[in-house]
Amino acid sequence: MFDTLSHLCFHNLYTLYTRGVHNFVHMCKRADFIDFLPILLAALFFVKGTGTLEDVMQLSSWDKQGELMMGMEACIRQALPSDVVAVSELSGLWEAEQITYGLAASDEGMLADRLGDYFYVSELDGILIGYIFGVVHVSEGLAVIDQGERYLEIEEVYVHPDHRGGRIGHRLVDELLRSSEHNGVTRSVVYSATKQWQKMVGFYEKFGFQMWFIQMYR
């Protein structure tokens with residue numbers, strides 16, 4: 001392994017890395033030193049003076065299957081009509097997880113109706129691994145949003161279980177909020193019946209959301 005490393009210039013490695021993390025990882029696998037990839041990435045950042053410690057930690061984290069987590073390399077883009085079937089399948093997976101009270105999978109007709117500025121997907125290696133969509137309303141006089149003011153309601157956010165922990169959900173929410181703000185809609189709300197409400201609250205607080213009301217049962 002070290003003989004292989006001795007023939008690889010850091011500059012060339014960094015050039016390959018900047019052309020695509022996936023290419024870089026595949027090359028490491030072929031060279032049989034994938035186990036040393038976290039150290040190698042850290043060295044590249046140090047030598048070239050780019051990135052942050054958080055970048056290195058994210059790049060060098062591993063998922064449950066022992067594969068490098070590539071959440072930061074997933075593409076976030078606006079949803080297309082051709083994505084509807086795959087999103088519907090993800091929605092069905094969400095329902096099957098039974099992590100949200102009363103959730104029913106979204107059908108293809110409803111998803112097709114939501115296509116537009118407020119519907120984004122996350123794609124990795126040609127496969128959809130997450131999605132988000134919302135709709136803009138005009139307030140009729142909500143307690144926290146003045147009458148007549150436009151606001152975005154985030155309706156659904158979901159990331160495939162195998163790809164959680166790589167900040168894909170954060171990036172999806174970021175993109176949706178950025179799109180709404182670009183269109184002049186600066187207010188937003190989100191409702192949820194998740195069974196993991198503590199995590200959900202902490203997640204959205206990072207985007208500046210505040211608690212509006214709470215409903216409980218026993």
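The values are calculated or read from the model by the stated rules, or taken from the named source; none is laboratory data. Since the model is a prediction, treat every value here as computed from it, not as a measurement. Please note: Cβ atoms are built from the backbone with ideal geometry, for glycine as well, and neighbour counts cover all protein chains shown.
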Self-check item: Filtered residue count, region 159-213, keeping only those that are aliphatic (A, V, I, L, M) and out of contact with any Phe, Trp or Tyr (no Cβ under 9 Å at 6 or more places or on another chain)
Solution: 3
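If a residue has to be part of a loop (DSSP other than H, G, I, E, B) and loosely packed, with under 12 Cβ neighbours inside 10 Å to count, how many in region 77-93 make the cut?
Here the count works out to 1.
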Quiz item: What are the residues in region 126-137 that are surrounded by fewer than 16 Cβ atoms within 10 Å (Cβ to Cβ) and over 24 Å from TRP212 (Cβ atoms), if any?
Solution: GLY126, ILE127
Practice problem: Identify the residue in region 179-200 that is of a type in the set (A, V, I, L, M) and modelled with pLDDT under 95 and, among all such residues, is nearest to VAL138 (Cα to Cα). | Solution: ALA193
Practice problem: Considering every residue within region 94-114, establish whether at least one is within 11 Å of the chain's Cα centre (by Cα) and part of a strand (DSSP E or B). | Solution: no
Practice problem: Quick one: in region 178-209, of everything that is touching a residue at least 60 places away in the same chain (Cβ under 8 Å) and assigned to a loop (DSSP other than H, G, I, E, B), which residue is surrounded by the most Cβ atoms within 10 Å (Cβ to Cβ)? | Solution: SER192
Self-check item: Residue count for region 115-156, restricted to those that are of a type in the set (A, V, I, L, M), under 17 Å from TYR191 (Cα atoms) and not in a loop (DSSP other than H, G, I, E, B)
Solution: 6
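Can you tell me which of GLU175, GLU140, GLU123, GLU153 is assigned by TED's automatic domain parsing to the domain that holds GLN78, over 13 Å from the mean Cα position of the chain (by Cα) and either within 29 Å of PRO81 (Cβ to Cβ) or surrounded by 15 or more Cβ atoms within 10 Å (Cβ to Cβ) (or both)? Spell out the reasoning first.
On the way: GLU175 fails: over 13 Å from the mean Cα position of the chain (by Cα); GLU140 fails: either within 29 Å of PRO81 (Cβ to Cβ) or surrounded by 15 or more Cβ atoms within 10 Å (Cβ to Cβ) (or both); GLU123 fails: over 13 Å from the mean Cα position of the chain (by Cα).
Unique residue meeting the criteria: GLU153.
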